[in-house]
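Colleague: Provided herewith is a single structure, encoded as structure tokens, for subsequent inquiry.
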Amino acid sequence: MTNRKNLATFYPDVEKTRVVFHSNAEKKFYDACHLQLDEKWDVYYSVTLSASDHENGMQENEIDFLLYHPHYGVVAVEVKGGRIQYDAERQQFISVDRHHRKHYIKNPFQQARVWKSRFIKEMKNQGIEGPVSHFVCFPDVASSDFPRLSQVDPHMILDQLHLDDIAGRLKSMIKQMHPAKYLDFRDIREPLHGFLQGENYTSKIYLKDYIHSQSNRLRDVESIHDTFMIPIASTKRLGIEGEAGTGKTLLAKALAEKFIKEQKQVLFLSSNALLNSYLQRELGKECNVETFEGLGKKYGLDLLHKPDNSTSPENDWIQFEAPEKLRIAVESSLTRYDVIICDEAQDVQPFWWDGIQALLLPSEESRLYVFFDRNQGIFGSGGDEKKFVPEDVLPMPGPYFPLVNNYRTTREIADLARQFRSSKTALDSHCARLGYLPKIVTYKDRDHARELISKLCETLVIEEGIKSKDIALLSARKFDAPESMVGSLTNFAKGFQFVDLNAQTDIAQLTSKQIPASTIQSFKGLETEIGIICNISEYNLPLDHPIMASLLYVACTRAKHMLYIFVQEEDEKRKILQDALKKVRYDGALVVDDIQSISDLIGTVEYFDAKRFGMITFESIHHSRSKAMFFPNDLPSDQLELIKTGDKVSFVAKIIGETLIASKIHVMAPDVEKAQESRPVAAASGSSEKEAS
């Protein structure tokens with residue numbers, strides 16, 4: 001955030017770890033302290049005080065910030081964002097967010113007073129003596145906006161103007177609150193620190209709030225994919241490539257819907273029966289949805305298992321005999337389609353394509369679209385353990401249409417998953433959304449594993465308030481396999497039941513006590529809010545084996561927001577996973593009430609020639625393509641002067657040929673790392689940050 005020396009000490013510190021803020025208002029206050037307070041200050045974020053008394057029993061109170069200074073003592077600060085209103089009839093405070101929605105909130109002045117009084121009691125119990133002050137911060141309003149009310153003490157308010165000189169304002173308010181003799185006290189920094197946090201500190205994660213704030217992102221993805229429709233639909237044979245989470249299935253579904261509306265005969269193929277049941281409901285009876293294996297069975301063929309009367313090796317049947325019989329059967333039939341869309345094409349054996357293409361109408365207007373990910377070849381397209389190489393096996397040559405923005409997973413989950421990719425030539429997608437660090441959970445034996453999974457699910461559903469259907473247990477082995485560490489799913493977790501989705505269960509129909517469960521292989525193409533991966537240790541292949549690596553990559557990338565990986569203590573995979581987790585970037589600030597950009601990247605203008613081109617350097621450390629080019633003629637001619645070398649910019653990345661091009665460039669506000677706001681290039685020069693946002 002800043003390179004200034006002699007900073008205050010922060011617990012936690014965004015420059016060392018991820019700090020999760022419940023609101024943008026809390027982040028504004030934190031940033032103001034980070035920029036202005038000197039080394040004499042300690043700043044604690046999200047301090048929970050647990051205490052019991054004879055009248056009320058155990059009581060828990062949280063204060064947003066606790067500050068300490070050896071000359072001014074302890075300062076408790078409650079922060080409230082948005083515009084503030086007061087309902088006199090209900091005697092209730094109201095916060096109005098940026099979407100003009102009203103939220104009734106607790107009286108922040110009373111909250112601060114109650115927390116302070118309880119904290120003073122606890123300080124006395126610990127033998128710690130010093131002055132304690134309490135204030136309320138409204139980062140989005142001015143204190144002059146408040147009327148004189150008995151519930152509002154203007155001397156307790158830190159407003160948006162005070163944040164420009166927070167140290168001076170705090171000192172002046174504290175001097176008004178306490179006579180000089182009370183500010184003459186022994187330094188209590190060490191005992192206070194020990195009482196507040198001991199040796200370790202973890203800020204609250206607000207997982208439920210984070211998931212809720214991101215729930216509307218799907219509409220943004222759909223609008224972005226609309227821009228792909230014209231170039232893709234105008235091409236008659238096309239391969240579309242993208243990492244997990246880049247929206248391949250969503251785009252394939254949108255293409256099917258487009259051609260169905262045009263009254264075309266559409267065949268949608270994938271390798272996943274669970275995914276197909278969802279697609280069939282969404283696309284309706286007008287679309288024929290099949291698995292690749294199911295297509296063969298329509299013509300009386302088992303594409304994956306040779307018949308009893310065959311003397312050929314199993315591999316010859318899958319790669320040569322069955323595909324040839326499928327082609328002959330299709331050519332002899334009358335069934336034909338205008339459009340064939342193949343999802344999960346990396347699972348198709350090379351010679352199956354002859355039979356699939358034979359299903360197309362012999363017309364210049366017929367279309368074939370093939371979606372694939374080089375990293376998801378669990379079945380090893382081509383047979384045995386060979387890697388999937390699209391240029392060698394797909395029915396159309398490259399170059400392929402690239403999907404480069406990751407809409408599903410967080411940066412942290414993507415960083416972990418990429419370390420197990422089987423292909424070194426795959427495109428890197430751009431993950432702009434920050435999230436939580438995945439967790440590795442170790443267990444001793446099956447009973448211990450079942451106990452830990454039960455506790456985790458109860459914590460997520462009961463304590464965190466996550467809906468059970470938003471969790472998925474993903475297994476590398478079949479659940480009833482002898483080696484499975486979970487065994488039978490019946491009555492697995494106390495009060496909850498795992499439901500095997502491989503039995504064609506509809507997730508939408510699950511009750512509040514049922515948690516979806518599936519093999520990783522069967523969950524390809526699907527996603528979950530929170531993923532729990534199990535039976536990795538019980539799968540007897542090392543993590544550097546292409547099938548095992550691909551399996552783990554697929555499993556990790558199913559999770560949108562949070563990921564838990566269970567691994568046995570004695571398993572060699574444990575150390576590999578822990579080493580991979582250490583390489584995941586996890587620092588900076590995350591605000592859970594902000595919907596983060598799903599497509600924008602942030603970088604710095606490294607070079608710009610208003611007559612030729614410019615170059616942007618990425619800030620994403622995991623990205624192999626560290627530079628993107630942009631051109632002056634993509635910007636309004638009268639606004640070119642707004643972009644200069646050294647500017648922070650947000651942009652959308654596109655690949656044209658072999659070049660990464662930046663478009664939709666926004667010059668970011670000067671305080672972007674604090675405010676997370678940006679102004680468009682077309683904004684008037686010299687406009688204020690507030691006006692530009």
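The values are calculated or read from the model by the stated rules, or taken from the named source; none is laboratory data. If you're wondering where the values come from, they're calculated on a predicted model, not measured in any experiment. Cβ atoms come from the backbone with ideal geometry, glycine included; neighbour counts cover every protein chain shown. All accessible areas refer to the heavy atoms of the entire protein, side chains included, with ligands and DNA or RNA removed. Shrake-Rupley method; radii C 1.70, N 1.55, O 1.52, S 1.80 Å.
Colleague: From the backbone phi of the range 461-467, what are the Karplus-calculated ³J(HN,Hα) couplings (6.51 cos²θ - 1.76 cosθ + 1.60, θ = phi - 60°) in whole Hz, Gly and Pro given as x?
Modeller: Per-residue couplings from phi come out as 7, 7, 7, 7, x, 6, 5 Hz.
Colleague: Next question. What are the ³J(HN,Hα) values, in whole Hz, obtained from phi via the Karplus relation 6.51 cos²θ - 1.76 cosθ + 1.60 with θ = phi - 60°, for each residue of the range 27-42 in sequence order, with x given for Gly and Pro?
Modeller: 5, 4, 5, 4, 5, 4, 5, 5, 7, 10, 6, 8, 5, 6, 9, 10
Colleague: Something else: In whole percent, and with a 1.4 Å probe on the protein chains, what portion of the accessible area of the range 218-364 is carbon and sulfur? Please list the in-between numbers first.
Modeller: Working: 3410 of 6690 Å².
Carbon-and-sulfur percentage of accessible area, whole number: 51.
Colleague: Given Cα pairs under 8 Å that are at least 6 residues apart, what percent is the relative contact order of the range 243-375?
Modeller: Values: 193 pairs, mean separation 37.0, N = 133.
Dividing the mean separation by the residue count of the range 243-375 yields 28 percent.
Colleague: Spelling out what I want: for every residue of the range 132-143, take phi, set θ = phi - 60°, compute 6.51 cos²θ - 1.76 cosθ + 1.60 (Karplus), and round to whole Hz; glycine and proline get x.
Modeller: Whole-Hz 3J(HN,Hα) from phi for the range 132-143: 10, 10, 9, 9, 10, 10, 10, x, 9, 9, 9, 4.
Colleague: Mind scanning 261/467; 27/583; 124/181; 28/208 and naming the pairs with a C-alpha gap bigger than 28 Å? If you can, show how the numbers build up before the last one.
Modeller: Values: 261/467 35 Å; 27/583 26 Å; 124/181 19 Å; 28/208 22 Å.
Distance filter (> 28 Å) returns 261/467.
Colleague: Also, quick follow-up: Quick query: amide H of residue 342 versus all other amide H atoms, modeled in the peptide plane; which residues come in under 5 Å with a sequence gap of 5 or more or a different chain?
Modeller: Residues meeting the criterion, in which the H sits 1.01 Å from N, are 269, 369, 370, 371.
Colleague: How about residue 285: which aspartates and glutamates have a C-alpha closer than 14 Å to its C-alpha, ignoring those fewer than 8 places off in the same chain?
Modeller: Output for residue 285: 257.
Colleague: Can I ask one more? Scan around residue 537 for amide H atoms under 5 Å from its own, H built in the peptide plane at 1.01 Å from N, and keep only partners 5 or more places away or cross-chain.
Modeller: Under 5 Å from the amide H of residue 537: 568.
Colleague: How high is the FRET efficiency from residue 117 to residue 285, r the C-beta distance, R0 60 Å, rounded to 0.05?
Modeller: Numbers: r = 66 Å, r/R0 = 1.11.
Given R0 = 60 Å and the Cβ-Cβ separation, E is 0.35.
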